[in-house]
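Comments concern the structure below.
The values are calculated or read from the model by the stated rules, or taken from the named source; none is laboratory data. Just so it is clear, the model here is predicted, and its values are computed rather than measured. Note that each Cβ is placed from the backbone with ideal geometry, even for glycine, and that neighbours are counted across all protein chains shown. These area figures cover heavy atoms from the full protein model, side chains too; ligands, DNA and RNA do not enter into them. Shrake-Rupley method; radii C 1.70, N 1.55, O 1.52, S 1.80 Å.
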Amino acid sequence: RDVLDTWDTTGLNGPYSLRLTAVSTSGIIKQYTSHITLDQSGPSILLRMPYDGQTFTLGVDEWVDVQVTASDNIGIDKVEVFVNGASIGYTTVSPYAMRWVLTSPWGTRVSPGSYSIYAVAYDTAGNSTSTGTVTVRVVRE
């Protein structure tokens, strides 16, 4: 395909309209407009719970509440939560909260030890930002 021109969008964010005007050899003018939204900024994200160094007890605590605050200049698509680098799921609805299940009626799902937890927010343009990692301990009763 032929390229008419390029547009340096470095540092641009927000809605824009692009207009192409074509003039035929017989003088007929046609205009084409395309509306786009540029989003080159990643979302803001903060892991509110659990707290770094927090301890959870098997048999007493059934789950770990994970609460995240996320915002973006255009919109948040999803917030995904990771434990020891593995995704435990995502949510698309604010407030962004999940439960990491430690025990269930069928028995313990998690072994005692230290676990790192972090979250990633994805905006509607595909930009992403990670929280810092918190470490929690899971111990036996």
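A few notes on this one:
- Hits in the stretch 116-138 - residues which are open to solvent by 50 Å² or more (accessible area, probe 1.4 Å) and either among the small types (G, A, S) or more than 11 Å from E80 (Cβ to Cβ) (or both): T124, A125, G126, S128, S130, G132, T133, T135, R137
- The number of residues in the stretch 62-76 that are at pLDDT 95 or above and closer than 16 Å to L46 by Cβ comes to 8.
Table: residues versus (1) aromatic (F, W, Y); (2) out of contact with any Gly (no Cβ under 6 Å at 6 or more places or on another chain); (3) part of a loop (DSSP other than H, G, I, E, B); (4) open to solvent by less than 80 Å² (accessible area, probe 1.4 Å).
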site: W7; (1), (2), (3), (4): yes, yes, yes, no
site: H35; (1), (2), (3), (4): no, yes, no, no
site: Y51; (1), (2), (3), (4): yes, yes, yes, no
site: V79; (1), (2), (3), (4): no, yes, no, yes
site: F82; (1), (2), (3), (4): yes, yes, no, yes
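- Verdict on I45 being outside any strand (DSSP E or B) and closer than 30 Å to T92 by Cβ: no
- Hey, L102 under 30 Å from R140 (Cβ atoms) and either exposed (fewer than 14 other Cβ atoms within 10 Å of the Cβ) or touching a Phe, Trp or Tyr at 6+ places or on another chain (Cβ under 7 Å) (or both) or not: yes
- Looking across the stretch 101-122 at every residue that is modelled with pLDDT under 95 and part of a strand (DSSP E or B), the one that is farthest from L47 (Cα to Cα) is identified as G107.
- When residues of the stretch 37-46 are limited to those that are open to solvent by 50 Å² or more (accessible area, probe 1.4 Å) and out of contact with any Phe, Trp or Tyr (no Cβ under 9 Å at 6 or more places or on another chain), the one farthest from A97 (Cα to Cα): Q40
- Residues that are outside any strand (DSSP E or B) and open to solvent by less than 100 Å² (accessible area, probe 1.4 Å) were ranked within the stretch 9-27; the one that is nearest to T124 (Cα to Cα) is N13.
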